1. Restricting to helices (runs of 4 or more DSSP H) lying wholly in the range 1-51: which have 3 or more residues that are more than 21 Å from residue 64 (Cα to Cα) and touching a residue at least 24 places away in the same chain (Cβ under 8 Å)?
2. Among (1) over 26 Å from residue 24 (Cβ atoms); (2) within 18 Å of the chain's Cα centre (by Cα), which single condition is residue 80 missing?
3. Consider residue 76 carefully, then state whether it is touching a Leu at 6+ places or on another chain (Cβ under 6 Å) and modelled with pLDDT under 95.
4. Taking the range 7-36, which residues are basic (Lys, Arg) and surrounded by fewer than 18 Cβ atoms within 10 Å (Cβ to Cβ)?
5. Can you say whether residue 51 is surrounded by 10 or more Cβ atoms within 10 Å (Cβ to Cβ) and farther than 30 Å from residue 31 by Cα, as far as the supplied structure shows?
6. Within the range 52-75, track down each residue that is touching a helix residue (DSSP H, G or I) at 6+ places or on another chain (Cβ under 7 Å) and either in contact (Cβ under 8 Å) with a residue 12 or more places away in the chain or not in a helix (DSSP H, G or I) (or both).
7. Determine, yes or no, whether residue 39 is within 21 Å of residue 3 (Cβ to Cβ) and either surrounded by 11 or more Cβ atoms within 10 Å (Cβ to Cβ) or more than 18 Å from the chain's Cα centre (by Cα) (or both).
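The values are calculated or read from the model by the stated rules, or taken from the named source; none is laboratory data. These numbers come from a predicted model, not from an experiment. Every residue, glycine as well, gets a Cβ built from its backbone with ideal geometry; the counts of neighbours run over all protein chains shown.
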Amino acid sequence: MQKLDAAKREAILNAAKQRLRKYGIQKTTMQEIAKDAGIAVGTLYLYFKNKDEILVASAKAFTEQHKLEIEEILNSAKSPPEKLKPI
């Protein structure tokens, strides 16, 4: 099995995020995501079987990013009221 490029996977997820935000799930196709990511459709399918897998991966990435941000705030030296202020 070939090793997949993490940067290419990230580019796919970024392209999917932008397209989904603009057009929604129903109007977004795998072909459009591949085009926006600058890769061939066949390459996209090496990373994700279908649009549902992309959605799950996007949700996981979103959750992980926010988890890291929350941990950073909680571990900071700020007072509790300062930690609750919006960024």
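1. On the way: elements: 6-23, 30-37, 41-47.
Here the list reads 41-47.
2. All conditions are met except number (2).
3. Numbers: touching a Leu at 6+ places or on another chain (Cβ under 6 Å): no; modelled with pLDDT under 95: yes.
Answer is no for this residue.
4. Of the residues in the range 7-36, the ones basic (Lys, Arg) are 8-9, 17, 19, 21-22, 27, 35.
Selection gives 8, 9, 17, 21, 22, 27, 35.
5. Details: surrounded by 10 or more Cβ atoms within 10 Å (Cβ to Cβ): yes; farther than 30 Å from residue 31 by Cα: no.
So residue 51 fails the test.
6. Those that are touching a helix residue (DSSP H, G or I) at 6+ places or on another chain (Cβ under 7 Å) and either in contact (Cβ under 8 Å) with a residue 12 or more places away in the chain or not in a helix (DSSP H, G or I) (or both): 54, 57, 58, 61.
7. On the way: within 21 Å of residue 3 (Cβ to Cβ): yes; either surrounded by 11 or more Cβ atoms within 10 Å (Cβ to Cβ) or more than 18 Å from the chain's Cα centre (by Cα) (or both): yes.
For residue 39, the condition - within 21 Å of residue 3 (Cβ to Cβ) and either surrounded by 11 or more Cβ atoms within 10 Å (Cβ to Cβ) or more than 18 Å from the chain's Cα centre (by Cα) (or both) - is met.
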